[in-house]
Amino acid sequence: MSEAVGEMICEGEFEEFRDPLLKLRGVTPEFAALLKEAGYFTIESIATEVPHFLFQRIGERMGFSLDKAEALIRDARSKLDIRILSARELYEEELRRKTIPTGSKGLDEILGGGIRTQEITEVCGSYACGKTELVYTTAVLAPKALGGDVLILDTEATLSVSRIRQIAKARELDPDEAISPIHLRRVPSSSDLIATLETAHKFIKERNIRYLAIDSFVSPFRREYPGRELLCPRQQKLNYAIGLLIKFARAYDMAVLVTNQVLATPVAQYTTTRPEFLRPPIGGYVMAYGANNRIYLQETDKPNVSIATLIDSSYLPRQSRTIKITERGIEDAG
Ligand SMILES: Nc1ncnc2c1ncn2[C@@H]1O[C@H](COP(=O)(O)OP(=O)(O)O)[C@@H](O)[C@H]1O
Ligand SMILES: [Mg+2]
């Protein structure tokens, strides 16, 4: 902040400038510290919270209650420009959404331009069909496309920065410059993933994160909650995590990509050529409803060549294109 601006705002206002939570009714610096300890750093993070989750996380400290949680969320919402939009306004907002190129023009085409801001894009498929390569390629291309930084959460410990640098170099970008806006975190478990997302607001805002990629998203939930008995808590946790991603996408005008595995054993009960029926993506209906666009990558007989099909979208038709994995990451095949 420049000194001139510093002189223009008085002491109390300066505190509010530094800590937006102090703009909320009844929030003292002590209470703001409690909120931050629980992972709420911004007005958006409060405005988009569910009252009983907020109450659960703060508890009854400093006379907090469920009613107060509801009042705080209401106040946070009133501080943001949350209102009903006309279809025209919404259309203009849709036109302002940006896309990250995937590296393959064909894949961009079937996605309506690429990985879009304010949406959750899922890419699923069996191993080695290009999911992680898509994360790398889009991470290299996102900073220019969106004008912000990239955060990759890696639950499989397969992430290779050397490979990201190689893709950048093959695309005639400076590898050092290409990796400087990319931030990474190895996430060992589903609870760590949820905790990371819950506390990510501050980092997202400070670093202007415009692209979040999670590789892979559903597998830690599946690994830690095995079997039918644990299906219910697993799906609840997964649903909660998807809810957080939707909030991020909206609140920070961010593009979100999640990769997902598919069932290894074919479940062919009847004749079908649809890959998503033969080897369905894991995560069930919760994942299916959470993603705006779902891309299925299917391996072919040719090494490093996959068929990408948009298997589900709220506004785009089902289409396929062939992609290949090269030194440049994801590219059009042929
Ligand atoms: N430098 C490279 N040049 C060409 N192909 C590569 C390169 N690095 C990795 N690959 C290929 O990418 C494939 C793995 O893709 P990946 O995206 O990691 O799969 P997954 O879908 O399991 O995440 C492998 O078949 C590998 O041969
Ligand atoms: Mg992978």
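The values are calculated or read from the model by the stated rules, or taken from the named source; none is laboratory data. Treat the numbers as computed from the prediction; the structure is a model and nothing was measured. FYI the Cβ positions are ideal-geometry reconstructions off the backbone, even for glycines, and counts take in every protein chain you see. The area values use the complete protein model at the heavy-atom level, side chains included, leaving out ligands, DNA and RNA. Shrake-Rupley method; radii C 1.70, N 1.55, O 1.52, S 1.80 Å.
From the list ARG185, ARG163, pick out the single residue that is surrounded by fewer than 18 Cβ atoms within 10 Å (Cβ to Cβ), more than 18 Å from the chain's Cα centre (by Cα), among the basic types (Lys, Arg) and within 20 Å of THR259 (Cβ to Cβ).
Answer to the selection: ARG163.
Any idea how many residues of segment 126-140 are open to solvent by 10 Å² or more (accessible area, probe 1.4 Å) and assigned to a loop (DSSP other than H, G, I, E, B)?
3
Of all residues in segment 87-111, how many are open to solvent by less than 30 Å² (accessible area, probe 1.4 Å) and either part of a helix (DSSP H, G or I) or more than 16 Å from ligand 2 (Cβ to nearest atom) (or both)?
Residues flagged as open to solvent by less than 30 Å² (accessible area, probe 1.4 Å) and either part of a helix (DSSP H, G or I) or more than 16 Å from ligand 2 (Cβ to nearest atom) (or both) within segment 87-111 amount to 7.
Looking at (1) within 16 Å of ligand 1 (Cβ to nearest atom); (2) among the polar types (S, T, N, Q); (3) assigned to a helix (DSSP H, G or I); (4) touching a residue at least 40 places away in the same chain (Cβ under 8 Å), which is the one condition that is false for SER162?
Condition not satisfied by SER162: (4).
Tell me which of these PHE221 doesn't satisfy, since it passes every other one: (1) within 16 Å of ligand 2 (Cβ to nearest atom); (2) modelled with pLDDT of 90 or more.
(1)
So if I check each of ASP149, ASP174, which one is more than 16 Å from ligand 1 (Cβ to nearest atom) and free of Cβ contacts under 8 Å to residues at least 12 places away in the same chain?
Selected residue: ASP174, the only one of ASP149, ASP174 that is more than 16 Å from ligand 1 (Cβ to nearest atom) and free of Cβ contacts under 8 Å to residues at least 12 places away in the same chain.
From (1) within 16 Å of ligand 2 (Cβ to nearest atom); (2) open to solvent by 10 Å² or more (accessible area, probe 1.4 Å), pick out the condition that doesn't hold for PRO143.
(1)
Assuming ILE58 fulfils every condition listed in (1) away from ligand 2 (no atom under 16 Å from the Cβ); (2) open to solvent by 10 Å² or more (accessible area, probe 1.4 Å) apart from one, which condition is it?
With respect to (1) away from ligand 2 (no atom under 16 Å from the Cβ); (2) open to solvent by 10 Å² or more (accessible area, probe 1.4 Å), ILE58 is out only on (2).
Could you list, ordered by first residue, the pairs with Cβ atoms under 7 Å in which the first is in segment 313-331 and assigned by TED's automatic domain parsing to the domain that holds ILE164 and open to solvent by 80 Å² or more (accessible area, probe 1.4 Å) and the second is within 16 Å of ligand 2 (Cβ to nearest atom) and assigned to a loop (DSSP other than H, G, I, E, B), at least 6 apart or interchain?
Hits for this filter: ARG328/GLY103.
Among the residues of segment 263-277, are any part of a helix (DSSP H, G or I), open to solvent by less than 50 Å² (accessible area, probe 1.4 Å) and either away from ligand 2 (no atom under 16 Å from the Cβ) or in contact with a strand residue (DSSP E or B) (Cβ under 7 Å, 6 or more places away or on another chain) (or both)?
yes
Yes/no per residue for (1) more than 27 Å from ILE194 (Cα to Cα); (2) modelled with pLDDT under 90:
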residue: MET1; (1), (2): yes, yes
residue: LEU34; (1), (2): no, no
residue: GLY39; (1), (2): no, yes
residue: ILE73; (1), (2): no, no
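Given the structure, is ARG83 more than 16 Å from ligand 2 (Cβ to nearest atom) and part of a loop (DSSP other than H, G, I, E, B)?
In short, yes.
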